[in-house]
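These notes are about the structure you will find just below.
Every number in this text was worked out from the coordinates using simple rules, so none of it is lab data. Treat the numbers as computed from the prediction; the structure is a model and nothing was measured. All Cβ positions, even for glycine, are placed from backbone atoms using ideal geometry, and neighbour counts span all protein chains on display.
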Amino acid sequence: MSRAVVIVIGLLMGCSLLLVYSQQRTRILFMEKNRFESQERKLNQEWSRLEYEQRELSKSSRIVEMAKKQLHMNEAKQDKTVYLKVN
């Protein structure tokens, strides 16, 4: 065999190995991308749930209810309210 044929065969083998490597790398990256997208969906669901929970906990009716039950607070009545005048 001539030297040119050996070089061409070597180049073809090198190219075929690079092709196999790049295909395998593409598969790995695709699986990783899918895993990250799945993780993103889960985190978005958790974020939505936490936002909903925060809205529920910060409603004024809930705050008033907790103030009455846990802190034994009552609403101020007109006859017990003292107004101060600033001169």
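Figures for the structure shown
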{"quantity": "Residue check, N74 out of contact with any Ser or Thr (no Cβ under 9 Å at 6 or more places or on another chain), polar (S, T, N, Q) and surrounded by 10 or more Cβ atoms within 10 Å (Cβ to Cβ)", "calculated": "no"}
{"quantity": "Residue in segment 58-68 that is touching a helix residue (DSSP H, G or I) at 6+ places or on another chain (Cβ under 9 Å), outside any helix (DSSP H, G or I) and of a type outside the set (S, T, N, Q) present", "calculated": "no"}
{"quantity": "Condition met for L50 (surrounded by 10 or more Cβ atoms within 10 Å (Cβ to Cβ) and among the hydrophobic types (A, V, I, L, M, F, W, C))", "calculated": "yes"}
{"quantity": "Condition check for E56: within 41 Å of the chain's Cα centre (by Cα) and surrounded by 10 or more Cβ atoms within 10 Å (Cβ to Cβ)", "calculated": "no"}
